[in-house]
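Report on the structure given below.
Read the figures in this text as sums done on the coordinates, not as results from a lab. Predicted model only: the values in this text are computed from it and were never measured. Counting neighbours? That spans all protein chains shown, and the Cβs are built from the backbone with ideal geometry, glycine included.
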Amino acid sequence: MLTLTYRDALNEALREEMQRDDRVFLMGEEVAEYDGAYKVSRGLLKEFGPKRVVDTPIAELGFTGLGVGAAMVGLRPVIEVMTWNFALLAIDQIVNSAAKMRYMSGGQVGVPMVIRGPNGSALQLAAQHSQAFEAWYAHIPGLKVVMPATPADAKGLLKSAIRDDDPVVFMEGEMLYNLKGEVPEGDITVPIGAADVKRTGSDVTIVCHSKTVAQALKAADRLAEENISAEVVDLRTIRPMDTDTIFTSVSKTNRCVVAEEGWPFAGVGAQVVDYIQRNIFDELDAPVIRVTGADVPMPYNKRLEKEARVDPAKIVAAAKRVLYLE
Amino acid sequence: MSGSTASKKKGSKRPAKATPAATEEQCRNWYHQLCLLRRFEEKAAEAYSLGKIGGFCHLYIGQEAVGVGVMASLREDDYIVGSYREHGLALARGVPPRSIMAELYGKADGCSGGKGGSMHLFDADRNFLGGHGIVGGQIPLGTGMAFAAKYHGTDQVSVSFFGEAAANIGSFHESLNMAALWKLPAVYILENNGYGMGTAIARATASMDLFHRAYSYDMEAEAVDGQDVFAVKDAMERAVERARTKSEPTLLEMRTYRYVGHSMSDAAHGTYRTKDEVEEYRKRDPLVIMAAFMKKQGMTDDDGLKAIDDEVKTEVQDAMDYADQSPDPPLEALYTDVYAEGG
């Protein structure tokens, strides 16, 4: 085991996959000479040269579509979006081209590409730079949506995403890049579509992903101080969703909280709740409660911003409510 | 929009007059293709009015010389993407009329298995990589295929077809900039048929010489008489040569005209142009121009031309019969081809 930051784990995955397969190239704004806006691509230009690590103009629609076209004829592009906020400029190519190519060509043409970059809010970046878009992309058949919460998952899932034959929306946590953790050495992949129980417990299940995983683990620590045993299920992949792991956990605890950074309306948590009520309704001892970001554009003011965010205290409160303790 | 033929690079002007130098066999083949594209679309319109083709259906009638002249200049391993007005492009590329008509019918034997329809014709074996339904969406895709050709070190060329209205969308400009910046082997075929749906070019575009836009990106460009197969092929051969040997892109503005409506829901001349205007353009019909050339050269006479047209009519009727008899895709097909493995 190595101790790496989430950023360096992603960097290792890119490096190893580019060494392994010369069809893989990285393209995006500031990925080469600047070493990456968030330094995920540090050193890659030096190792692989400008043919495979390509700085682009600020033209998200153009270079994302270029990636789709290159993938259609056999390359394996990794397209970096500086943040998912900017990928709104590219969403036509992600949704109308990448996601649908295999289907509308009757299975003749696939799009093996990864579109990756940071998602979610950082600190005081205000409304246009503080958004969590996973529900948007998870809505689209033809896309896979992957959201690692730890350095080990970041590396293993990015390797799987690059090897996948379908377009993968790979969402990194903007506030997770400095997170340190143990990462297995060598060519270890984490499968797409497999959730992970990050902490076992018996009284309540907390389903979470990306940034809310660390918050759920903190919440579980606090609940433990009150003799409440919480199980933390990290989805890791939003689409396809690993419902088996969710059902196994909720069937054991009979109570569930779903925490996500995004907005409440038609969010990822709404889908989790739908799966639970349709499949294991009789296992529930209480309605499932969702903890989400506030249903507003993100304010700049620090106090208002804190109020808008998910935090461990809000997850603790929700857990107590499903246990009828509050 | 048939008009002047001009070429320019950084202020220099070079006339690009068509210089027909073709064998009788080539001319007969091109006339056959022009007829095929025309009669196929007429048959598609008939099938549409009978309710056999659904959804949107955009015909290529009037623009045939562009498809035929461009495809005549390409190799089998070159890449092609088009917009939703791509039936004629697929035919000119050699996709069998049967599999195109069956696709328009949504049948299992269609070139996209009945899942694509009129706007999404694909034939991967011929590197015909889609009709694409969002205006301008295919331009970055074609650019990516040129990027891949250069990345692999092959001398393949990637050709992107789009209408003049797409020259006002961001993906056009973003693509041309990247293709010129990175010297990609791409040819951009701007089919200027004068109208974006019902909006005349002059009502949507400040500068009427669309090929000038390439100069903003330091890219070679020409305006071409898109009604004349020879003019199209001439200009295309220069562009292909530039892409294949120097890995440099070109924008070709093909000045053409569509006689029919934007789609089947739009009457032939609609509310936005006069019948007289349409009739005026019919005087420069690509089939008439090619027929006149062949007769003048003594390659054929009216009977010979009619024999070609009759042959095509049989071929197109056969395509319709084939599509009529082809089965619908099985219901299980609904959930296949979403992902590489399984549903």
Cross-link candidates for A:Lys100: which lysines have Cα within less than 20 Å, leaving aside residues fewer than 8 places away along the same chain? A:Lys144, B:Lys107, B:Lys115
A:Phe86 paired with A:Lys302, simple spin-label distance in nm, labels 7 Å along Cα-to-beta-carbon: 2.8 nm
Quick one: in segment A:196-322, what % of C-alpha pairs are over 20 Å apart? 38 percent
On full extension of the chain, what length is gained from A:Thr248 through A:Ala317, given 0.36 nm per residue of separation minus the C-alpha to C-alpha distance? 22.5 nm
Can you pull the semi-axes for segment B:172-235, root of five times each eigenvalue of the Cα gyration tensor, sorted largest first, whole Å? 21, 17, 10
How shielded is B:131-143 by partner chains, expressed as the average number of their Cβ atoms within 10 Å of its Cβ atoms? 6
Take every residue in peptide A:88-101, count the Cβ atoms of other chains within 10 Å of its Cβ, and give the average of those counts. 3
How much length, in nm to one decimal, is gained on full extension between B:Thr23 and B:Asp209, taken as 0.36 nm per residue of separation minus their Cα-Cα distance? 63.6 nm
When DSSP beta bridges are limited to those with both residues in chain A, what percentage is antiparallel, rounded to the nearest 5? 25 percent
Just want the ordering: B:Ser326, A:Ser202, B:Ser175, from fewest to most Cβ atoms lying within 10 Å of their own Cβ. A:Ser202, B:Ser326, B:Ser175
In what sequence do B:Asp337, A:Asp311 fall when counting other Cβ within 10 Å, fewest first? A:Asp311, B:Asp337
Of the cross-linked pairs B:Lys183/B:Lys283; A:Lys155/A:Lys314; A:Lys198/A:Lys320; A:Lys159/B:Lys183, which ones have a Cα-Cα span greater than 28 Å in the structure shown? B:Lys183/B:Lys283; A:Lys155/A:Lys314; A:Lys159/B:Lys183
Net charge contributed by nearby residues that have their C-beta within less than 13 Å of A:Ile228 (K/R +1, D/E -1): -1
Return the distance in nm (one decimal) between the two label points of a simple spin-label model at B:Glu241 and B:Asp318, each offset 7 Å from Cα along Cα→Cβ. 3.7 nm
Would you pull out the residues with amide H under 5 Å of B:Tyr79's amide H, same chain only if 5 or more places away, H placed 1.01 Å from N? B:Val157, B:Ser158, B:Val159
Please pull out the direction-averaged projected area of chain B, using the convex hull of its alpha-carbon atoms, in nm² to one decimal place. 17.6 nm²
Once the other residues with Cβ under 13 Å from the Cβ of A:Lys100 are scored (Lys, Arg +1; Asp, Glu -1), what is the net sum? -1
Using all C-alpha to C-alpha distances in chain A, build P(r) with 10 Å bins and read off the rounded percent in each one. 6, 27, 34, 23, 9, 1
Which of the three applies to segment A:42-81, rounded, prolate or oblate, going by the alpha-carbon gyration tensor with a ≥ b ≥ c and a/c under 1.5 meaning rounded? oblate
Averaged over B:113-122, number of beta-carbon atoms from partner chains that fall within 10 Å: 4
How large is log10 of I(q)/I(0) for segment A:2-183 at q = 0.08, 0.10, 0.17 Å⁻¹ when the intensity is taken from the Debye formula with one equal scatterer per alpha-carbon? -0.22, -0.34, -1.05
Selected from B:Ile134, B:Ile308, B:Ile53 as most flexible by GNM, with chain B as the system and alpha-carbon contacts under 10 Å: B:Ile134
Return P(r) of segment B:59-217 (all Cα-Cα pairs; 5 Å bins starting at 0; whole %; ordered from short to long distances). 2, 10, 18, 21, 20, 16, 8, 4, 1, 0
Ratio of Rg to Rh for the protein assembly as shown, alpha carbon only, Kirkwood? 1.05
Identify all lysines with a Cα-Cα distance to B:Lys313 below 20 Å; exclude those on the same chain that are fewer than 8 residues away in sequence. B:Lys43, B:Lys52
Within segment B:242-283, DSSP-loop trypsin sites (Lys or Arg not before Pro) with at most 11 other C-beta atoms within 10 Å are B:Lys283
Work through the residues other than A:Gly28 whose Cβ is under 11 Å from its Cβ and net out their charges, Lys, Arg +1 and Asp, Glu -1. -4
Coarse-grained scattering of segment A:1-44 at q = 0.21, 0.28 Å⁻¹, given as base-10 log I(q)/I(0) from a Debye sum over alpha-carbon atoms: -0.68, -1.03
Separation of the B:Ala292 and B:His269 label points, Cα + 7 Å toward Cβ, nm: 2.1 nm
With n ≥ 4 as the cut-off for DSSP H runs, can you work out [θ] at 222 nm for chain A, using -39500 (n - 2.57) per run divided by the number of residues, rounded to the nearest 500? -10000 deg cm²/dmol
Exactly which GluC sites (Glu not before Pro) in segment B:45-113 are in a DSSP loop and have at most 11 other Cβ atoms within 10 Å? B:Glu76
List B:Thr199, A:Thr5, B:Thr256 from most exposed to least, where exposure is judged by having the fewest other Cβ atoms within 10 Å. B:Thr199, A:Thr5, B:Thr256
